[in-house]
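**Student:** One structure, as C-alpha cells, below. Some questions next.
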Amino acid sequence: MKQKGLTQYQLVEESLMKIDDQKAVNIDTINDQENISLPSEQGLCSKVKSKFKDFHELIKKHKLYVCTGLSITLSIIQLIFYFNLKSQRCPYSTDDKCGKQFLIPSLPIWVPMILFNCCVYIAQMHMFIERSTTTRIVTIYGMLQSIYLFCFNDHTINLHIYIGAMNALHIVFSIIFSIVYFFVRGWLEMYRRLKKKWVIFSLAFFLILVSHFYFNKLSSSCDYWSQGINGQIEEIEGVCSVPVPSLCWYKITHHWQDFSLLLDGCDSEPGTKETQEVTTKFFSTSVGDSRYIGFTNLNQHSELDRTDERMQQTVFNSAKGYNTALEAEIDKHDVIFDRQEQKYLINVQFNKTLSNERKKIAEELNEKPMTKNILLIFIDAVSRQSMHLKMPKTVKWFEQNAQQHSYKKSNQTKFAEENKSQSFEFYRFNSLKPFTFDNLQTFFYGKSLRDVILPENEKLVPLIENAKKQGYVTGHTSDYCQTISLGIDEESMNQMKSVRYDHETQSYACDPNYYDPDSTFSLTKGPYSLVRRCLYGKALAEYPLEYAKNFWQKYQDNQKVFHLEFLYGHEGSGEVINHLDQYLSQFLNDMSKSGLLKDTTVIMFNDHGLHMQGLFYILKLQSVFIEINLPGLFINIPPEINEKYGNQIAQNQQNLVTIYNLHHFFKHLIYGENYPYAQHSLFSPLDHQKTCQQMSIQDNSHCSCK
C-alpha cells in the first residue's frame, strides 16, 4: 500500500509539472506573438532613431566640411538674391506710377529676400563663433561679403533705382537680428549657469523694466496731444470731434531714430577736395575755371526749364563764371559761390526799378491791403502735434505772443493792454488729402488739378501774381531743388501758370554736393536724408534763412511777401525736423528783435502729417493715422489787425478749417477788407464748417473727425 501510495503521489506531481510546463509554453507562445504583432512600430522608430543617430555622428565627424559647404552655399544664394534686388528698375517716368505700379507690388517679393540675406549674415556669424579655425576663414568671408554688400556696394536711390533703400533695410534688420541673437545667446548661457535663479531674476527685471517704461513713457505719452499755444482742443457740441489716441507713438519714440545725435555738427563737414571735384564735374561746362559762380534768378527761365525734372540741370546750365565776386554782383546775382573757399555769398540785389513800380501800384490802390508784409513758412509733412514735440523753440516764438486770446484768464488780464502782435493756432486744421500737391495747389490756386476740369487754353493763376498786382515785392527760396512743391511737370504746366517770384533761388538746394543727381533720394544726404543736412560746414537751413533775411532788409520800405519752404519733415525717421528748430526759431527771434517783422503777418503751416513712417504704418498705429490729417497752422498778426479781428480768429481756432480757408485768408490780407470772398477767410465766422463733407473731404480716411 505504501509503495502504491508513493507511486500515486509521484504520478500526481508529474502531472502537475506537465501542466506547469504547458503553461510556460503557452506564455512563451503568446510573448512571441506579441513580439511579432505589436512592436513593429517600435522597431521602425528604433530604426529611424538609429539612422538619425548615425547621420548626426556623420555630421559631427565631418562638421568642418558640412559647415564650410553650408557657409559657401548661403553666400552664393545671398549674392543671387542681392544682385537680383540691385537689378530692379522702375519702368515708369513719374514717382506716382513707380510707387503704385512697381514699388508697392514688388515689396512682397523684395522683403523676404532682404530678410533672408540678413539671416545669412547671422548664420555666418554664428558659425564663426561656434566652429573651428579653418571654418572661420570661410564664415568670416561670408560676414565680410554681407557687410560690403549692405554698407559699401551701392547707395543709389532715385526715381528708377532703389538699391540704396534696400541696403538701408539690410542694415536695419541685420542690426536688429544681431541684437536678438546676442541677447538670446547671453540669456541661455546665464540660464545654463544659474538655472532657476536666472529665470526668477529675468522675470523680475522684465517686470521692473515694463513698469518703468509704462509710468515714464506710456502713461503720459499723450499729455501734449490736445494742447496748444493758447488753448487746447475743446469738445464743442456740433463741431468736428477729434479722437485723442490712447498712445502717442511719436512722443514715446522721440529721438529713438535720431541718427544725427551720433554725428558731429555741420561745422565738422567743411568743403574738401572731393567736393571741389564734384563742383567742377557739374559746372565746368558753363563756368570753366572761374573762381566764382553766379546763379541766375529762376524767374528768368521758361516753364519747361522750371519743371521739377529739369530744375537742377537748369541751375547747372544757367550758371555764369566770374573771376571776382564784385563782377558777379554787378551782374545782379543774389547768390554767388566761391569755389576756392567753398562757401556761398548771399547778397540779394536790390532792384530799385521794381521797388518803385510796386510802390506806385500800392499807392494807387483804391482798397488798401490789411497787412504790409506777409512771411510764409511752409514745412512739409509735420502734424500740429509734432510741431509742438519736434520744434518747441519755434512754437515758443508764437506762444510768447499768444496770451491775449489765451483760454487762461490770468494771461488775458496780464497782456490785454499791451500793443503787440498776437498769435493763433488752429486745432482742427484738416488736410484735404495726405499729399503735398493737392494741398499746396489749393493754397496757391484755390483748387487742386485733380478736382477741376479747365476750359482749353485756360490756366490757373497763383495768388503770388495777385500779390504783385497789389504792389507786393515777392521772394522765395527752399531747401529743395524745385521751384515750389506743386508737382509741376510738362502736363500740369499746361493747366496752371507757374509761381514766379521777383527774387527766387534754389542754388544751394541744387548743389550737387547736397542733391546728388545720380542718387536724388539718398538717405545720407540731400532732401530725403535720415540725418542732419549739411553743406560746406553749415546746416542747409541756414542758407534759405539768410536769403530771406537779406531780402527783407533790402526791401524794408516796400510791401512784400516772402515764402520759405522746408522739406525737413519729409523723411522716414521723423527726427530730422528736430534739427530745423534751432535755426528757424533763431531766425524769427532775430527778425522780431531787429524790428523787421513790424507790420508783418507770419503764417507757418504744413500740408499734412508725416506719412513716410514705415514701421508705424505697418503696425497701423492709431495716432499716426490721426496726425496725418492734422497739419499745423500758426499765425501771428500785427496789433492793428488783432484789435479788429482777433476775437473772431480766436473763435475759428476751434472750427474745422482747411487750406482752402488759408487761401482766402491770404487774399483777404492783400485785397483788403472788402475782399469779395471774405466769407471763406479766417477773418470771418466759420462755425458753419462742421463736417469734412462740407469741406469737400469725401474720403473718411482723410478726415480727422470721429
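**Student:** What strands (runs of 3 or more DSSP E), lying completely within segment 310-400, carry at least 1 residues that are over 21 Å from residue 534 (Cα atoms)?
**Tutor:** So the answer is 320-322, 373-379.
**Student:** Give me the residue from segment 502-537 that is in contact with an Asp or Glu (Cβ under 7 Å, 6 or more places away or on another chain) and on the phi > 0 side of the Ramachandran plot and, out of that set, surrounded by the most Cβ atoms within 10 Å (Cβ to Cβ).
**Tutor:** Checked segment 502-537; the qualifying residue surrounded by the most Cβ atoms within 10 Å (Cβ to Cβ) is 526.
**Student:** Could you check segment 388-420 and list, in sequence order, the residues that are crowded, with 18+ Cβ neighbours inside 10 Å, more than 20 Å from residue 378 (Cβ to Cβ) and either hydroxyl-bearing (Ser, Thr, Tyr) or at pLDDT below 85 (or both)?
**Tutor:** If the condition is that a residue be crowded, with 18+ Cβ neighbours inside 10 Å, more than 20 Å from residue 378 (Cβ to Cβ) and either hydroxyl-bearing (Ser, Thr, Tyr) or at pLDDT below 85 (or both), then 403, 404, 405, 406 are the ones that fit.
**Student:** Restricting the search to segment 421-443, which residues are among the aromatic types (Phe, Trp, Tyr) and modelled with pLDDT of 95 or more?
**Tutor:** If the condition is that a residue be among the aromatic types (Phe, Trp, Tyr) and modelled with pLDDT of 95 or more, then 424, 426, 427, 429, 443 are the ones that fit.
**Student:** Here's a follow-up. Kindly evaluate residue 540 against the criterion of being at pLDDT 95 or above, surrounded by 24 or more Cβ atoms within 10 Å (Cβ to Cβ) and under 19 Å from the mean Cα position of the chain (by Cα).
**Tutor:** Answer is yes for this residue.
**Student:** So which residues in segment 446-478 are in contact (Cβ under 8 Å) with a residue 60 or more places away in the chain, farther than 30 Å from residue 557 by Cβ and crowded, with 18+ Cβ neighbours inside 10 Å?
**Tutor:** Within segment 446-478, just 446 meets the criteria.
**Student:** Please work out which residue is modelled with the lowest pLDDT, limiting yourself to segment 690-701 and to residues that are surrounded by fewer than 21 Cβ atoms within 10 Å (Cβ to Cβ) and either on the phi > 0 side of the Ramachandran plot or in a loop (DSSP other than H, G, I, E, B) (or both).
**Tutor:** Out of the qualifying residues, it is 698.
**Student:** Got at least one residue in segment 39-49 being closer than 30 Å to residue 146 by Cα and either at pLDDT below 75 or assigned to a helix (DSSP H, G or I) (or both)?
**Tutor:** no
**Student:** Quick check, is residue 66 modelled with pLDDT under 90, among the β-branched types (Val, Ile, Thr), assigned to a helix (DSSP H, G or I) and more than 30 Å from residue 178 (Cβ to Cβ)?
**Tutor:** Criteria not met by residue 66.
**Student:** List every residue pair whose Cβ atoms sit under 8 Å apart, with the two residues 6 or more apart in sequence or on different chains, where the first one lies in segment 155-167 and is crowded, with 19+ Cβ neighbours inside 10 Å and the second, anywhere, is among the basic types (Lys, Arg).
**Tutor:** Filtered contacts from segment 155-167: 161/89; 163/86; 166/86.
**Student:** Moving on to the next point. Could you tell me which numbered condition residue 88 fails, if it satisfies all but one of (1) loosely packed, with under 12 Cβ neighbours inside 10 Å; (2) at pLDDT 90 or above; (3) within 22 Å of residue 521 (Cβ to Cβ)?
**Tutor:** (1)
**Student:** Is it the case, given these coordinates, that residue 440 is assigned to a helix (DSSP H, G or I), buried (at least 21 other Cβ atoms within 10 Å of the Cβ) and under 30 Å from the mean Cα position of the chain (by Cα)?
**Tutor:** It is true that residue 440 is assigned to a helix (DSSP H, G or I), buried (at least 21 other Cβ atoms within 10 Å of the Cβ) and under 30 Å from the mean Cα position of the chain (by Cα).
**Student:** Condition check: in the same structural domain as residue 360 (by TED's automatic domain parsing), in contact with a Ser or Thr (Cβ under 9 Å, 6 or more places away or on another chain) and not charged (D, E, K, R). Does residue 510 satisfy that?
**Tutor:** no
**Student:** Return yes when residue 575 is in contact with a His (Cβ under 7 Å, 6 or more places away or on another chain), under 27 Å from residue 266 (Cα atoms) and not in a helix (DSSP H, G or I) and no when it is not.
**Tutor:** The answer is yes for residue 575.
**Student:** Can you tell me how many residues in segment 169-189 are over 26 Å from the mean Cα position of the chain (by Cα) and surrounded by 15 or more Cβ atoms within 10 Å (Cβ to Cβ)?
**Tutor:** 1
**Student:** Scan segment 539-590 for residues that are charged (D, E, K, R) and farther than 27 Å from residue 612 by Cβ and report the count.
**Tutor:** Counting residues in segment 539-590 that are charged (D, E, K, R) and farther than 27 Å from residue 612 by Cβ gives 6.
**Student:** Please enumerate the residues belonging to segment 456-485 that are of a type in the set (Asp, Glu) and touching an Asp or Glu at 6+ places or on another chain (Cβ under 8 Å).
**Tutor:** Within segment 456-485, just 479 meets the criteria.
**Student:** Might you check whether a residue that is in contact with a Gly (Cβ under 7 Å, 6 or more places away or on another chain), assigned by TED's automatic domain parsing to the domain that holds residue 434, among the hydroxyl-bearing types (Ser, Thr, Tyr) and buried (at least 17 other Cβ atoms within 10 Å of the Cβ) occurs anywhere in segment 334-348?
**Tutor:** no
**Student:** Go through segment 656-706 and count every residue that is of a type in the set (Ser, Thr, Tyr) and closer than 20 Å to residue 451 by Cβ.
**Tutor:** 7
**Student:** Can I ask one more? Could you grab the pairs with beta carbons closer than 9 Å, sequence gap of 6+ or different chains, first residue in segment 686-706 and among the charged types (D, E, K, R), second one outside any loop (DSSP other than H, G, I, E, B) and modelled with pLDDT of 90 or more?
**Tutor:** 687/651; 687/652
**Student:** Looking at segment 194-240 only, could you name the residues that are under 26 Å from the mean Cα position of the chain (by Cα), surrounded by 14 or more Cβ atoms within 10 Å (Cβ to Cβ) and of a type in the set (A, V, I, L, M, F, W, C)?
**Tutor:** Of everything in segment 194-240, those that are under 26 Å from the mean Cα position of the chain (by Cα), surrounded by 14 or more Cβ atoms within 10 Å (Cβ to Cβ) and of a type in the set (A, V, I, L, M, F, W, C) turn out to be 218, 222, 225, 229, 233.
The values are calculated or read from the model by the stated rules, or taken from the named source; none is laboratory data. Because the structure is predicted, anything quoted here is derived from the model rather than measured. Here the Cβ is made from the backbone with ideal geometry for all residues, glycine too, and neighbour counts use every protein chain on show.
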